[in-house]
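The values are calculated or read from the model by the stated rules, or taken from the named source; none is laboratory data. What you are looking at is a predicted structure, and each value in this text was computed from that prediction instead of being measured. Ideal geometry is used to build each Cβ from the backbone, glycine not excepted, and the neighbour counts take in all protein chains shown.
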Amino acid sequence: MARAGILTRASGWMGDFFNRLEKTLRKECGWTDEQVHALVTEEDDEKRIKILAAIIDEVVKRFGAFKRDMTKDGWTLLERGPAQTLTAAGFDLVPFLKDRESYVKGDIMSARAVELRASLGQHDAEYLLENQHLIPTEYRGKYYLVFPGTKWRRAVGGVGVPVLVWRGDRWGLRLRRSARAPAQVAPGVWKS
């Protein structure tokens, strides 16, 4: 049985901080009771430092800077989007279009992505870019993989979302203006 509140024995703001940290470690990082308990009970400084380093590595991996910094290309980050959620277990195509639609505007696509629990962001796009073997080969040249959870604005206007596009020999990451979202989408998917 899970021991709730292992880190929350402190009071006040410090207790609140540790309560949030423990919930995040359990929910977002999948930490076990033993790992959380070791964080506060480990007396060996070297081992405790390794535990803290593991926390920092996990936070940076899930919530850190994007590997491709779009600000260098004149974009401004509007919404960071969720932490990485995709794993080697894979993903499914999620259709954003309804009957007889050939496209939808970006704001509608984003709302549907949230509704369908398919609003993945740039962290997931970058994960797939590094693990292209996880993308089914039948998607090549047929779909754009769209990640509407992250939104960027270009200096000259227009909002873009990360998209993985098949480039003949490998998938590439680019931003696509979200004014129109044709076809169906996985994490998000645009047909090409």
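Of the residues screened, Ile55 is one that is modelled with pLDDT under 80, assigned to a helix (DSSP H, G or I) and among the aliphatic types (A, V, I, L, M).
Considering each residue of the stretch 169-182 in turn, at least one proves to be among the aliphatic types (A, V, I, L, M), surrounded by fewer than 19 Cβ atoms within 10 Å (Cβ to Cβ) and touching a residue at least 60 places away in the same chain (Cβ under 8 Å). Applying the criterion of being more than 15 Å from Glu58 (Cβ to Cβ) and either touching a strand residue (DSSP E or B) at 6+ places or on another chain (Cβ under 8 Å) or in a loop (DSSP other than H, G, I, E, B) (or both) to the residues of the stretch 7-38, the residue that is modelled with the lowest pLDDT is Thr8.
Pairing residues of the stretch 83-100 that are under 14 Å from His123 (Cα atoms) with residues that are hydroxyl-bearing (Ser, Thr, Tyr), at Cβ distances under 8 Å and at least 6 apart in sequence or on separate chains, gives Gln84/Tyr127; Leu86/Tyr127. Take the conditions surrounded by fewer than 14 Cβ atoms within 10 Å (Cβ to Cβ), touching a strand residue (DSSP E or B) at 6+ places or on another chain (Cβ under 9 Å) and polar (S, T, N, Q) and apply them to Thr41. Does it pass? So Thr41 fails the test. When the stretch 99-151 is filtered for residues that are part of a strand (DSSP E or B) and either at pLDDT below 85 or on the phi > 0 side of the Ramachandran plot (or both), the ones remaining, listed by number, are Tyr103, Val104, Tyr143, Tyr144.
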